[in-house]
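Engineer: Take a look at this one; I'll ask things after.
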Amino acid sequence: MASIDKFKTESGEQRYRVRYAYYKNGVRMQRARTFKLSKEANAFLAKVEHSINTGMYADARGFTVGQYLDLWLETYAVNVRPNSRKNYSVCVENHIKPHIGGTRLESLSTLAIQHMYGEILKTEYSPAKYEEHGALRVCVSPAKTYSVKTVRNIHALLHLALDQARREGLIAKNPADDAKLPSARPKDYTIPTPEQMKRLLDELSGADSFLTILTCAVMGCRRGEALGLYWSDIDFEASTIDFKRALVINNLTNTVEIGELKTKNSRRILPMPDMLRAELLKVKQTKEKAARGAGKHVVSSPFVFTTMLGKPFRPDSISQAFKRAAVSVGLPDMRLHDLRHTAITYMLEAGENPKTVSEFAGHATANFTMNQYAHVLEPSKKKASDALMKTLFSE
């Protein structure tokens, strides 16, 4: 079915040609591909033999971008998380196929990809809304277009899929390599003042969601990280919390399930403030007492944050409760995730070492933290400069 021929070019350079055959609609097809190095030829031979033997070989001739991406989703995107797979499918169906889905795979150009990115940025997914006020027509809600982040996510998926096509020998070069991406814009988030934070927590006090939101506020953790906590993750003697899982919504089934943390650095053990320790210990003791009254001697649910029935909260219900409280205290643009940004900002403004803050937040590197919160660090730089000048030139 497949073999390697060794030959020399007219200039005397060694080359290796992989010849292989497969059947398409009952017809025997023959192909060949030439490599400079023996190891490259052998690697391609192993891949093509495996794909032919397993029935997964796809001939690029006549194959459209849309058809290839469907095949890629079925074969290479099967082991990703359900939410990621859903996002991949939406990306392919809603963005890539309408623009370049009918293009032949081997004919796809960088220019076509670049044009697609530009068109997506101009696409309105929510039209502007207007109200009539006498003779005036007032825009009460501007049109919403797809963001730079959406385009960069599309590019990441397309580049990944086309790179696999290149490795399989379906295309000679990845046309997404040279596409120019729009610059990422800084994320907008609301950082409340300490006084606003106090009003916000006072507003939430007594609500079922209060302790979950308090944990997000003082630990700087993500919503799913807080909701995924088990009682066994909390060491009351050492006053630490071990973040090791997340509770997420499966967009395919609209159900709640335990998922992986966002990154490997998200797994971290953090010190627990005395105030949060006291609140959590109080809840734990109350639940244990209730369980003993029911004839049991263990906490009925492993989850720290649960409903009255012992089921973990839906992540979106916590966000909704937070949003209502934020609006009530005059912070209508604030999201639950902004509590994480708030905690990081407060620590940096207090002069904490960026590396320490980075580890606290579960960021990949201190550089990432410094780049994301560069505006917060500017006053610290000025303060450090003033201190240096005072040391060098004070009388």
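The values are calculated or read from the model by the stated rules, or taken from the named source; none is laboratory data. Predicted, not measured: the structure shown is a model, and the values here were computed from it. All Cβ positions, glycine included, derive from the backbone under ideal geometry; neighbour counts span all protein chains shown. The accessibility values were calculated without ligands, DNA or RNA, using every heavy atom of the protein model including side chains. Shrake-Rupley method; radii C 1.70, N 1.55, O 1.52, S 1.80 Å.
Engineer: How much of the accessible area of the chain, in percent, comes from carbon and sulfur atoms when a 1.4 Å probe is used?
Structural biologist: 52 percent
Engineer: Per-residue ellipticity at 222 nm for the chain, helices alone: DSSP H runs ≥ 4 residues times -39500 (n - 2.57), over residue total, nearest 500 deg cm²/dmol?
Structural biologist: So the helix-based figure for the chain works out to -14000 deg cm²/dmol.
Engineer: So, one more: For residue 34 and residue 230, calculate 0.36 nm times their separation in residues minus their Cα-Cα distance, and state this gained length in nm to one decimal.
Structural biologist: Contour length minus Cα-Cα distance gives 64.9 nm.
Engineer: Please state the relative contact order of the chain as a whole percent: Cα pairs under 8 Å, 6+ residues apart?
Structural biologist: Relative contact order for the chain comes out at 11 percent.
Engineer: Follow-up. For the chain, with the dipole built from +1 on Lys and Arg beta-carbon atoms and -1 on Asp and Glu ones, taken about the Cα centre, which of 243, 263, 348 lies farthest toward the positive end?
Structural biologist: Going by the charge dipole, the pick is 263.
Engineer: A follow-up question, please. Given 86/262; 262/284; 97/173; 144/262, which pairs have Cα atoms separated by over 18 Å?
Structural biologist: 262/284; 97/173; 144/262
Engineer: Return one number: the angle in degrees, 0 to 90 and rounded to the nearest 10, between the long axis of the Cα atoms of helix 338-349 and the longest principal axis of the Cα atoms of the chain.
Structural biologist: 70 degrees
Engineer: Quick one: if you stick a label point 7 Å off each Cα along the C-beta vector at residue 106 and residue 132, how many nm between them?
Structural biologist: Distance between label points: 5.9 nm.
Engineer: Taking the chain as the reference, fit the longest principal axis to its C-alpha atoms, fit the long axis of helix 194-204 to the helix C-alpha atoms, and give the angle between the two in degrees, 0 to 90, nearest 10.
Structural biologist: The answer is roughly 90 degrees.
Engineer: Oh, and also: Remind me, relative contact order of segment 305-395 in percent, using alpha carbon pairs under 8 angstrom and six or more residues apart?
Structural biologist: Relative contact order comes out at 15 percent.
Engineer: If you take the charge dipole of the chain about its Cα centre, with +1 on Lys and Arg Cβ and -1 on Asp and Glu Cβ, which of 51, 379, 197 is farthest toward its positive end?
Structural biologist: Of 51, 379, 197, it is 51.
Engineer: Let me ask another. Nearest 10 degrees is fine. How inclined is helix 148-167 to the longest principal axis of the chain, computing both from alpha carbons?
Structural biologist: 40 degrees
Engineer: Averaged over all directions, how much area does the convex hull of the C-alpha atoms of the chain cover when projected, in nm²?
Structural biologist: 35.0 nm²
Engineer: Output the peptides 88-97, 231-240 sorted from most to least packed, where packing is the average of other Cβ atoms within 10 Å over each peptide's residues.
Structural biologist: Packing order, densest peptide first, comes out as 88-97, 231-240.
Engineer: Compute the length gained on full extension between residue 4 and residue 262: take 0.36 nm times their separation in residues and subtract their Cα-Cα distance, giving the result in nm to one decimal.
Structural biologist: Extending this stretch completely gives an extra 88.5 nm.
Engineer: Set the Förster distance to 30 Å, then compute FRET efficiency between residue 17 and residue 79 from the Cβ-Cβ distance, nearest 0.05.
Structural biologist: That pair, residue 17 with residue 79, gives E of 0.35.
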